[in-house]
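The values are calculated or read from the model by the stated rules, or taken from the named source; none is laboratory data. This is a predicted model, so every value here is computed, not measured. Here Cβ is always computed from backbone atoms with ideal geometry, including for glycine, and neighbour counts include all displayed protein chains.
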Amino acid sequence: MAESGRWTAREAIALLCDDFTEHTRGEEPSGEADGPIGWEGYDAARARAEQATGSTESVLWGEGTLGGDRRCVLLSFEFAFLGGSLSRRAGDRLEAAYTHARERGLPLVSLIATGGSRMQEGMVALGQLQRAARAGVLLREAGVPHIAVVRDPTTGGGWATLGAGADVILALPGAQVAFAGSRVRPQDADPAAYTAESQLAHGHVDAVVRPERLRETVGFWARALAPGVFDPQPVPPPDALPPGGETPLPRTGWDAVLRARDTRRAPAEAYLDRYFARREPLGGDRGGGVDPGLLCGAGVRAADGRAVVYVAQRGTATRPAGYRTAARVIRLADRFGLPVLTLVDTPGAANDAAAERAGAGGSIAEAFSAMAAARTPLTSLLIGEGGSGGALALAAPGNTWATPDSYFSVIAPESAAAILKRSPDRIPRTADQLRLRPQDLVELGVVRGIVPRAAPEQAAAPE
């Protein structure tokens, strides 16, 4: 295979599976000299492309098996065929692949490498983007997942529809991924902005995956998002960490606050690592934003192998991009009937000027709405600070639990004292009045219960 990452369509498929069977459903010869707009020399250019690649179009598709047991529809671009450009016939193949996946309930995996629409077919070629968008909507409505792998390069309408419109977007390292191709972007543009790594940093792809990990990663997503029987039972919350021993509940409200803010307390990553045998990330709000204080993704429970989507706050003030990412991930879980686990730990929503300009209120509303509208079961565990609405937005209504080292409050005690014009020495008393301890939350009906400490022998070894 090519070292540069510019694999042929079949080489890209071979990264994922060994039993690919090509399909030719829905193809018809055009019968037009030099294509639909009569571009002089187009037939000759196509003939040269066919001879060079052994392919009759820029796209091929068929079926294969991922992860040893998951049948999928695979769609792969041949970049050496006129830059992997979209033509009317390529549109026929795209639509056929989407339809086949939808009718059979098979996950669609797209291996994309394209420079955009084929100019030798003019607006006829550009119109294929609408066909692809419509096929994607029908696939989504049918509850069939679309996993995109963006190769080098993925630009133009191919990125703006097939790639960016997928449910899970994976990118290969160093790939050029952008709407603007290298020959049409501004001459003074920063080339680093047009890479897979930049798209990840700005929330437009879920992960950059090395080729040797691609098979197992795509296989994970194909199994995790596979259409199946909806299970109405929520997953149990994780046990409190660290494992072993009984920890007395906080005596006072201020004691609860200090324990929740203690940097030695187990972070969200520790809970996720113990709860899941394996997990993969889902990152970014798809609008240019990433919140490093939020972890999202899907994992396989160590206890029973059940696929679960997670959203975990990491103890920092959650930013608008974080709430938008959480809402996106929760809606994804809802479409595929996957249970959701949220770990709540934030002093509150970010309230600086940048957060206001980024739409703090609207993003929090989006998270509240996603949780309220979810038909899939939700489970939440309060593992640290529960700071006002910024924490409540990601707490499952009626199914939130608490650890002994946590608190939930309508407002931080310091802020409450400031509003009431109380002196700093009265902050602990204010914390007591807020009734924010875990045991208070149980008595008030805010949380269902306080989870016990994990047993040491329950630790799961990652795959």
Worksheet, complete the sentence: Checked region 278-314 for anything part of a loop (DSSP other than H, G, I, E, B), more than 14 Å from the chain's Cα centre (by Cα) and surrounded by 18 or more Cβ atoms within 10 Å (Cβ to Cβ); matches are Gly293, Ala302, Arg314
Practice prompt. Could you figure out which of (1) in contact with an Asp or Glu (Cβ under 8 Å, 6 or more places away or on another chain); (2) closer than 23 Å to Pro238 by Cα isn't true of Leu338?
Written response: (1)
Worksheet, complete the sentence: The correct count of residues that are hydrophobic (A, V, I, L, M, F, W, C) and either in a strand (DSSP E or B) or under 29 Å from Ala307 (Cβ atoms) (or both) in region 334-355 is 7
Item to complete: Identify all residues within region 445-463 that are farther than 9 Å from Asp239 by Cα, of a type in the set (D, E, K, R) and at pLDDT below 90; write none if there are none.
Response: Glu457, Glu463
Fill in: When residues of region 164-188 are limited to those that are part of a loop (DSSP other than H, G, I, E, B) and of a type in the set (A, V, I, L, M), the one farthest from the chain's Cα centre (by Cα)
Val184
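Give the residues of region 114-163 that are of a type in the set (Asp, Glu) and touching a Pro at 6+ places or on another chain (Cβ under 7 Å), sorted by residue number. If you could, list the steps in order and put the result at the bottom.
Initial filter on region 114-163 (of a type in the set (Asp, Glu)): 121, 141, 152.
Hit for region 114-163 is Glu121, nothing else.
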Worksheet entry | Condition check for Ala395: farther than 30 Å from Val144 by Cβ and under 20 Å from the mean Cα position of the chain (by Cα) | yes
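Pick from Gly35, Gly64: which is modelled with pLDDT under 95 and touching a Phe, Trp or Tyr at 6+ places or on another chain (Cβ under 7 Å)? If you could, list the steps in order and put the result at the bottom.
On the way: Gly64 fails: modelled with pLDDT under 95.
Within the list Gly35, Gly64, the selection yields Gly35.
If a residue has to be within 28 Å of Arg331 (Cβ to Cβ) and either modelled with pLDDT under 95 or part of a loop (DSSP other than H, G, I, E, B) (or both) to count, how many in region 388-435 make the cut? Break it down stepwise before answering.
Restricting attention to region 388-435, the residues satisfying the condition of being within 28 Å of Arg331 (Cβ to Cβ) are 388-403, 406, 408, 410.
From what is left, the residues that are either modelled with pLDDT under 95 or part of a loop (DSSP other than H, G, I, E, B) (or both) are 393-399, 403, 406, 410.
Selection size over region 388-435: 10.
Within the group Pro424, Pro452, Pro428, which residue is surrounded by fewer than 19 Cβ atoms within 10 Å (Cβ to Cβ), farther than 23 Å from Cys296 by Cβ and without any contact (Cβ under 8 Å) to a residue 60 or more places away in the chain? So that I can check it myself, show each step before the final result.
Numbers: Pro452 fails: without any contact (Cβ under 8 Å) to a residue 60 or more places away in the chain; Pro428 fails: without any contact (Cβ under 8 Å) to a residue 60 or more places away in the chain.
Going through Pro424, Pro452, Pro428 in turn, the sole match is Pro424.
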